[in-house]
Structures are given as structure tokens and as C-alpha cells.
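Below is one structure, written out as C-alpha cells, with a few remarks after it.
The values are calculated or read from the model by the stated rules, or taken from the named source; none is laboratory data. From a predicted model like this one, the values you see are computed outputs, not experimental measurements. A quick note on method: Cβ atoms are made from the backbone with ideal geometry, for glycine too, and the neighbour counts reach across all protein chains shown. When the accessible area is computed, the model is the full protein with side chains, heavy atoms only, and any ligands, DNA or RNA have been set aside. Shrake-Rupley method; radii C 1.70, N 1.55, O 1.52, S 1.80 Å.
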Amino acid sequence: MVERLTNRCCFKDSRSAFQVAAQWRQIRCFAVIAIIALLSVSRFESYAFSQSPELTVAASFQGAESVEAQERISLRLSRALEHNEGRIAILIGGTDVTRLFGIGVTDYVYEVSLPLPTGENPLTVYLVTPENEWRQIASIPLRVASAATTTITALPATDPPAAPSAESNRKTSFIPSLTLGLKSQAAQAHFPDSNAPQRERFTDFTMQGSLRTEMAGADYSSQLQFDVAGSSYRSEALRFGELGENAPLIDLSSYLMQFQVRRAKFRVGHISFGSSRHLINSFSSRGISLTLPVTKRTDVSLSALNGTSVIGWDNFVGLNRRKHQVLAGTLGFEMSPETPGRLRIESGFLHGSLLPISNFNQGNITDAEQSKGFSFRVIAAAPNDRFRLDAGFTRSRFNNANDPALNQSFDVVSVRETTRNARYLNATANLLDNVSIGAGRKASFAFTFQHETIDPLFRSVASYNQADRFQNQFEAVASVAGVTATASHLRLNDNLDDIPSILKTLTRRTSVLVGAPLASVFGSTGKGLAWWPRVSYGYEQTHQFGAGLPTNSGFDNLNQVPDQISTNQTALADWQFQQVRFGYRLNRSFQDNQQPGRELDDLSNLINAFTVGFTPHQAIDLNVEASGERAENLATRRVDRTKRAGVNANWRMTNNSTIGATLSALFAGDGLNLSKNRNAEFDLQWSYRFVKERDPYPKVQGQFFIRYANRYSRGLDRVFGLNNLTKLQTLNLGVSFTFF
């Protein structure tokens, strides 16, 4: 009955329904004609255009036997990334060191803020897509020599070589980049009228520009980079959230000017400063910083930064507002300058004042804040990194300054200034480091202890920490013949002042993760080894509970005090063949409530997922995914089931043109048939890329695409009498050109 009434209301205007159907027929005809025409053109593409080369990476240390721990290494991409390709991630061993690299258009330079880890580790470069998919594009062996293993070979006496001239050491580069784009929505159809998009048809122009210059001499170097972005659609302007209709269509997104004379470095623009975990930790904003070597062992770094993230041409340096600044500095002392990082002591200070101003991309309500403090940090490492230590102490004085805009003429009790402490300790011991156990197999074992205590009401304006917490974590990592295992245990609690009227909560978390490539475990030769998968298993249990019943707090009995144990188990298996890939994932989670009177309020969840990848030809990729989920509420005996399925296909028709299609569907409902949900999505896209590089003209590359998208959703709830149907179809086109 409900469905009949809903359908009658939805289609009472039959004339509008026929109009929608007629419009949709026109869209389909237009899409088919356009795709056929574009595919025909791609078959007769000009030989003057060539394929945009695959992304490759070249390293400055390739071919070298080893590098020093403080050596300046660099990576160069074969081409600049497209704006929709994602970002680059760099790992040394298993550590993400992307933030330690200075990023340019195609160059990534290690800034030597920390010494490279000694020993042999692979440097792996990934392309992280906007969908957070990590694609490996390079893996380069990196061997870092320690001071104890560095050898000096005596050379026969010869006449000293002539000193190079200043001109031979000078290097200058000028790297501009400009991307002009056009995107449009040529047609759309929707149902009902409430599902209409904000703009039914549009044509927008976009622009991204970058200018980078580098100069290097015998004792100096400089790097300048400016990035601008623009859009003809005002709502997509960089500062629309801040300035509204007054936001400029073309704006400065970021810039950095860096000048270095020997070991002294001066930076202006968008920078990141601070290595104190609780005082100022990688605080990023617009400002200035200066790093000076005072002596061979001592260095000092100073910075002045805007209190929040800022973009645009206004407030160019970032220091226009004196009461909205963060002033910080670090004094470092190396006990052994010949081996930096072996034992380093740092002390830092901070004086920060923030006005109630949000970041340019946020709309939250803020308050005026002030803090000042100091920190002390010790970094130590044994030879060959067998033992590493990082410990620090911070003392901060915080004040919530009076803000009339928030008080709104009310009589508000002022917050008293508070001085609180925070400390941490991280210690890692490599008890076994690639020890041979025979048959070409090796074993490693490392143990890590982490401690952190943050006093109640602790606050720093340049570091975001959860106050009032005590935490200890133990972690062991082992690797034997390709099998890796990680086990950790965390103990955390709050209410460090033991205030009787405040609930004291405790958290205990234990996790185990084991991974093994079965082919390497059971042997290295043989035809049947290809069928052995790579498997992994993870187990995690978290127990969160209250320490007792607080007094004078409004809690009447123990059934109001939380007590819950959550377990999560995941098993994975992957098979990799030349043309076929299989994957299976099993996830089982259970939430066990142990509060008195609520012992049956438990939740159970089970997921089975399969993936299949097929590459019948080097130009064709096909991926299929399917999963089923079962969620049960043991208190109400309600069971909800969700099934998902998806297909993704890519066909590289020519060197420059690609067709991609994606189809996904979701079916959800409960066991009593009280609610149902159906969702379907279909996307079809044809893209064409080209590169034209012919002297004396600059390099030009571009991309054209046409995309059709279809969205369908149907929701039925018989308890509340809801029956919702929505449809949306769009046809989008776009083109972009990148110069230089």
C-alpha cells in the first residue's frame, strides 16, 4: 500500500515523466554519436603526436656503491605529474620519508634534516592516486655507509688537479609549467526534481601554473617556487570559503623561496617547522625561518609563522598580524659532528598567540589562545642503528584569552592560566639484524617501547595533543625467512589527577599481525610454487572500561559505567600469476558489552570479499570484486545483510587513447524484510592523451575526455513508510593542455 501511494505521488504528472524520458533519449543518442566519432578520430591520429611516457624515476645515487649518512640525494621524475594523477610517496625500508624531501615539479631532494639510516635498504617510490591506491613505480637499492665501515683508499702521488672555475660550478635552471583546462557538463537528467544537481549544465575554465628556478654555485644555492590556481567558477576559487563572492578567480596557492650559503639556510613562504612532539611539531603555515650553524657541533633554527594556514597574495610573508603569530626556535648540539645523529640534544622555545581566525579551508568556531613554553629532546643511536632512543620533555603555559565575540555580553568566568608538562620516550632495540640462519635465509628481531604522559589541561597552540592521558606501548617485530610478525600491547588511561567525580577510563589493546609468502617458505623452485599464496592474519582486541563508579557525578549504578571488549580478526590470501590475480579477505568482528544489565547488547559482523584480476592482453585490464556482509544485533535478533559487486575494465585502444568502464551495485536489507536499499553506479570514459615535443617549440601535452555517469538509488523502509527513488545521469567533457 505504501509503495502504491508513493508511486502515485511520484508519477502523478505523467507529462513531466514523458519529458524526462524524451530528454534521456536525446542524451543517449548524443553520447553514442560523440563516442563513435571520437573513437574514429583516434584511429587516424597524427604521427606528430606520441604517447605520454610512462612515469619513471632516476636517482642521483644509482650506480654508486654507497652514500654517506649526510649525503644530499635526489630523485627525478621522467615527467611532471598531472593534476588528477595523485601524489608521490617515498619510503626508505618501511619508513615513509616523503616529508623529508623538498618537492619540486619533477625533482625530489632529501633535505638532510635527519641522517639516512645506515645499512642497505630499498628506496621505494609510489604513486598514490586520489582514490588512495598505492602503485609502485620504482624500487632502488640504497646502501648507506656508517662511519665505522667507511674506507679510505690511498692514491698514488700525482700533481693536484686544477681547481675548477666558478663558472664550471655554477648551475641555473628555469622550470615553468602551465596547465589550462576546460570542463563542462553537456547534459543531465534527474528524478525527482529534488535530486536536481546544483548546476544542470556548465562550462568552466581552470588554470594551474608553477614556476621554479634553481641556482647553485660552489658555496651557495637557491630555489624559488610559486604555484597559482584559478577557476572561472567562483565557488571553486581557493578562498571562496573565506571571501565568498569577493574571492579572486586566480590566486596564489603556495610559494617557497629558499636560500642556502654553505650550512646556513633561509626560507620564506609556506614552510613547516618544529620537531618537538608536544611543543611545536611540523607546524605548517606561511612565514620565515632561518637555520644557522653556530659552531661545528651547534646549530640554531628560528622561525616566525602565521597562526593558521593562509593562501593568496594578501599577507604575503604571513606576518601581518602580530597577535596571530607563532614564534619558535630550536638549539641543537651534536656530541659527535663526524657522525650526526649518533647523539643529538635539542632545546626549543615557543611563544604563540592566536586570534579567533580559522584556516582558509575550515569553517569551525575558534577561540583566542596564547601559549609559551620550552622543550628538551635527546636523540641517540648506537652504531649500525642497533639501538635508537628519542625522548623529550615539554613545559607549556596556556591561556584562553578573553574573547568578547564569544562572550556576547555574558558574565563569563575567565579561564586561569595553566602550566603543565608532557613527556615521551621511544626506544628501539634491534636484537637481531639480518642474521643468517642457513639456506640463504635471514632473521631479524626488534623490540620497541613507547611511553607518553600529558598532564591534564596541557595545551600548546602549535601542537595538537590529547591532554590528560598516560600511555605505555610495547611492540615486537620479527622476520624469519620471509615470514614477518608484529605484536603490540597498549595500556592507556585518563583522569591523571584522580578526581573522584570524573569517570576514569582505561584502555587495553593487544594486536598481532603475521604475513608470509608461502612460496618462499616452502621453497624457491618448482612449478607448483606459483599456486602458493601470500597470506596474512591480523588479530586485535580492545578492552575499554571505567575504573569504578564516580562520586557525585550523576551516575546511579554500575550499568552506566562503560565496559566493552571489541575483537577484530582479518585473514587475507593473494595469488599472483602472469595474467590472473586472485584475492580473498575474511573479516570477523565482535563487540561484547559487559556492563551489568547489558550483557546481551552485543554486535557481530562478518565480511567475505573476493577479487579477481585478469589481463588477457597487455592493453586490456579487467578487475572484478564481490563481497558479502552479515551484521547481527544479538539483543534485538536483527540480521542485516549487504552484498556488493563491482567490475572495472580498461582498454588502451592506441598508444594515446583509453576506454575505462566501472559498474558497481549494492543490495542491502534485513532478515524480516522491513527495509531494502538498492544502489547502482555506472561510469564510462574515453580519454585521449598526447605529447608534442619539437624544437624549437616548447613541450606541450594535453588530455581530452568524455565521461558518462549513471546513478540509481532506491530505499524502502516499511516501518516508517518511506519509499525513495532517485536517478541521475550526466555527460561531462573536458580538455587540458600543459605547456613546458
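Here are a few things to note about the model shown:
- Checked against (1) more than 30 Å from Gln618 (Cα to Cα); (2) touching a helix residue (DSSP H, G or I) at 6+ places or on another chain (Cβ under 9 Å), Trp532 passes all but condition (1).
- Qualifying residue in region 518-528 (condition: β-branched (Val, Ile, Thr), open to solvent by less than 50 Å² (accessible area, probe 1.4 Å) and over 26 Å from Asn472 (Cβ atoms)): yes
- Any pair with Cβ under 8 angstrom, 6 or more apart, that starts in region 171-199 at a residue that is in contact (Cβ under 8 Å) with a residue 40 or more places away in the chain and ends at one that is of a type in the set (Asp, Glu) and crowded, with 18+ Cβ neighbours inside 10 Å: Lys171/Glu214; Thr172/Glu214; Ser173/Glu214; Ile175/Glu214
- Matching option when the condition is under 29 Å from Lys372 (Cα atoms) and either in a loop (DSSP other than H, G, I, E, B) or of a type in the set (Ser, Thr, Tyr) (or both), among Asn472, Asn495: Asn495
- Of the numbered criteria (1) open to solvent by 40 Å² or more (accessible area, probe 1.4 Å); (2) modelled with pLDDT under 95; (3) not polar (S, T, N, Q), the one Phe449 fails is (2).
- Scanning region 292-303 for residues that are surrounded by fewer than 19 Cβ atoms within 10 Å (Cβ to Cβ) and in contact with a strand residue (DSSP E or B) (Cβ under 7 Å, 6 or more places away or on another chain) returns Leu292, Pro293, Val294, Arg297, Thr298, Val300, Leu302.
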